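To keep things clear, I will list the structure first and then write my remarks on it.
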Amino acid sequence: MAGVLTDNGPQTALALAVLAAAWSGRHWRGSGLSAAAALLALAVSFLLLWRMRQAGLRGGENLFTIVIAYLLPALLLTGAARLLGGGAPMAARIVKAARDLAWILALAAAVLVLNGLAPGIDGNRLLFTGLRLAIWLLVARTIDALARDPRAPPVARWLVLVPLLPALEPLAALLAGSANPVFSGEDVGLAPFVNALLVGYLLPAGLFARLAVRRPAGEPSALRWLFGPAAVLLALFWASLELRRAFHGAVLSGPAGEAERLAYLLLWSISAVAVAGWLWRRRRNRAERMARPDQLSS
C-alpha cells in the first residue's frame, strides 16, 4: 500500500493543491493564485504522462492504481476548473486541459486492465499510438482555446497547426502503418467497445470533431475542412474494426468471409448516407441564415 501511494500519490497531491489554489483565487481575486493553479496543473500533466510512460515500460497497473493515479486527479482538476470559471478564463482553460489529460489516461489504463492487454509500449502499439495522437490533439485544442482570447493576435488561430505536425506520424501508423491491428495481428481486447480500438481510433476522432465544430466567425475555414474529414475517417475506421472484432475476436488479422464483407458494405453505405445527409442539412441551414437578412429588409 505504501509503495502504491508513493508511486501514484504525487499527482493526486498536486491536483489537490490546484483545487486549493483555485478556491483561494476565487475568493481573493488578483492574488495570482489562479495563475498558480494553472502552473500546478501543468505540473500534474507532466506527472501523469510520466506515470503512464512508467506503466508502459514496467506494467503494474490495476484498478486501484488507476483510481489513485488518474481518477482522483481528474476529479480534483474538474472541481478546480469549475471554481476558476469565468473569473480566470486563461487559467481555467489550462486546468481543463490537465483534467482532460487525466481522464484520457484513466481510460487508456482501464482498457489495458479490463482487457488484460500487454502494458508495454512496444507490446501494445495500437493503444499507445492512439494515446500519443490524442495527446497531440489535446495540445492543439488547448492552443485553440487560448487563441480565442480577445487579447490574442489573429495569427494565434493558426498556431493550432503546430502540434498537428508531430501528430501526422501516429495518424499514419493507425491508418496504414504498424499500429493498425489488421496488419500487426495485435490483440485489441475481447471486451466489446471498451477495448484498444476505443483509445486508438474513437478517442482521437472525438478530439478532431471537437476541433472542427462550433468555430467562431473569422476562424480560418481551412481548419474546419482539415479536422472534420479526419474525425469522420477515424470514426469510420473504428466502426469497421469494431465490426471486424465481432467476426474475428481479439486478433483482427486474417481473411474476411462473405458475411463479413456484406456487413462492411452495409456499414459503409449507412455511413456515407449519414455524412451526406449531415452535409446537406448544414449547407441548407447556412443558406437559410444568409437569406434571413434579405427577407427582413424586403
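The values are calculated or read from the model by the stated rules, or taken from the named source; none is laboratory data. The shown structure was predicted, so the numbers you read here are calculated from the model rather than taken from an experiment. So basically every Cβ, Gly included, is an ideal-geometry build from the backbone, and we count neighbours across all protein chains shown.
Reported count of residues in segment 169-211, each being surrounded by fewer than 16 Cβ atoms within 10 Å (Cβ to Cβ), over 26 Å from A102 (Cβ atoms) and free of Cβ contacts under 8 Å to residues at least 60 places away in the same chain, is 4. Residue check: L161 meets all listed conditions (1) of a type in the set (A, V, I, L, M, F, W, C); (2) within 12 Å of the chain's Cα centre (by Cα); (3) not assigned by TED's automatic domain parsing to the domain that holds L57 but one, namely (2).
Look at A41 and say whether it is part of a helix (DSSP H, G or I), modelled with pLDDT of 90 or more and not assigned by TED's automatic domain parsing to the domain that holds L171. Answer is yes for this residue. Scanning segment 127-141 for residues that are touching a Pro at 6+ places or on another chain (Cβ under 8 Å) and not β-branched (V, I, T), we see that the one that is surrounded by the most Cβ atoms within 10 Å (Cβ to Cβ) is G130.
Among A156, A134, A145, A152, which is in a loop (DSSP other than H, G, I, E, B) and either of a type outside the set (S, T, N, Q) or without any contact (Cβ under 8 Å) to a residue 24 or more places away in the chain (or both)? Step through it out loud before you land on a result.
Working: A156 fails: in a loop (DSSP other than H, G, I, E, B); A134 fails: in a loop (DSSP other than H, G, I, E, B); A145 fails: in a loop (DSSP other than H, G, I, E, B).
Testing whether each residue is in a loop (DSSP other than H, G, I, E, B) and either of a type outside the set (S, T, N, Q) or without any contact (Cβ under 8 Å) to a residue 24 or more places away in the chain (or both) leaves just A152.
State all residues of segment 125-155 that are among the hydroxyl-bearing types (S, T, Y) and either within 16 Å of G206 (Cβ to Cβ) or over 20 Å from the mean Cα position of the chain (by Cα) (or both); if no residue qualifies, say none. If the condition is that a residue be among the hydroxyl-bearing types (S, T, Y) and either within 16 Å of G206 (Cβ to Cβ) or over 20 Å from the mean Cα position of the chain (by Cα) (or both), then T142 is the only one that fits. Each residue in segment 159-180 was checked for being polar (S, T, N, Q) and in a helix (DSSP H, G or I), and 0 of them qualify.
Annotation: of all residues in segment 96-124 being within 15 Å of the chain's Cα centre (by Cα) and over 21 Å from A191 (Cα atoms), the one that is surrounded by the fewest Cβ atoms within 10 Å (Cβ to Cβ) is K96. Pairs are defined by a Cβ separation below 8 Å, a sequence spacing of at least 6 or placement on different chains, a first member in segment 271-292 that is under 24 Å from A239 (Cβ atoms) and acidic (D, E), and a second member that is surrounded by 10 or more Cβ atoms within 10 Å (Cβ to Cβ) and modelled with pLDDT of 85 or more; no pair meets this definition.
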